[in-house]
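What follows is a set of notes on a single structure, which appears directly below.
The values are calculated or read from the model by the stated rules, or taken from the named source; none is laboratory data. Values in this document were obtained by computation on a predicted structure and should not be read as measured data. Glycine gets a Cβ as well: all are built from the backbone with ideal geometry, and neighbour counts include every protein chain shown.
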Ligand SMILES: [Ca+2]
């Protein structure tokens, strides 16, 4: 017989983020009527289920031309697949900058949010 119950939530994950980013994230979760745990579990599930982006050939070609033109080794950084941890950090950093949580970082928010 197949067990159809959802897997037990036995593991925890601790992250360190700026205080303002935590407050902004918690406020957004509150407005959306969900807990921070629910939001983060949803994000993690999306990252696990999402197909990994494949680099397009033209990107590799452009990367190779730039690397050749500059005499640099640009190709490895252009071909690097998206990292879920970096994506989370970018989202938290964006939430930190987007003070009024409208999904857009204005010039004022950008300037105020810079260290
Ligand atoms: Ca904003």
Filter result (closer than 19 Å to residue 97 by Cα and more than 19 Å from the chain's Cα centre (by Cα)) within the stretch 28-52: 30, 31
Being surrounded by 11 or more Cβ atoms within 10 Å (Cβ to Cβ) and modelled with pLDDT under 90 narrows it down to one of 39, 50, so name that one. 50
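Here's a check for you: in the stretch 5-27, which residue that is assigned to a helix (DSSP H, G or I) and more than 16 Å from the chain's Cα centre (by Cα) is surrounded by the fewest Cβ atoms within 10 Å (Cβ to Cβ)?
Residue satisfying both the conditions and the ranking: 19.
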Which ones in the stretch 100-112 are closer than 18 Å to residue 28 by Cα and either in contact with a strand residue (DSSP E or B) (Cβ under 6 Å, 6 or more places away or on another chain) or more than 6 Å from the ligand (Cβ to nearest atom) (or both)? 101, 103
Would you please name the residue that is nearest to the ligand (Cβ to nearest atom), looking only at residues in the stretch 78-97 that are at pLDDT 80 or above and in contact with a helix residue (DSSP H, G or I) (Cβ under 6 Å, 6 or more places away or on another chain)? 97
For residue 69, which of the numbered conditions (1) within 15 Å of the ligand (Cβ to nearest atom); (2) at pLDDT below 90; (3) exposed (fewer than 10 other Cβ atoms within 10 Å of the Cβ) fails to hold? (1)
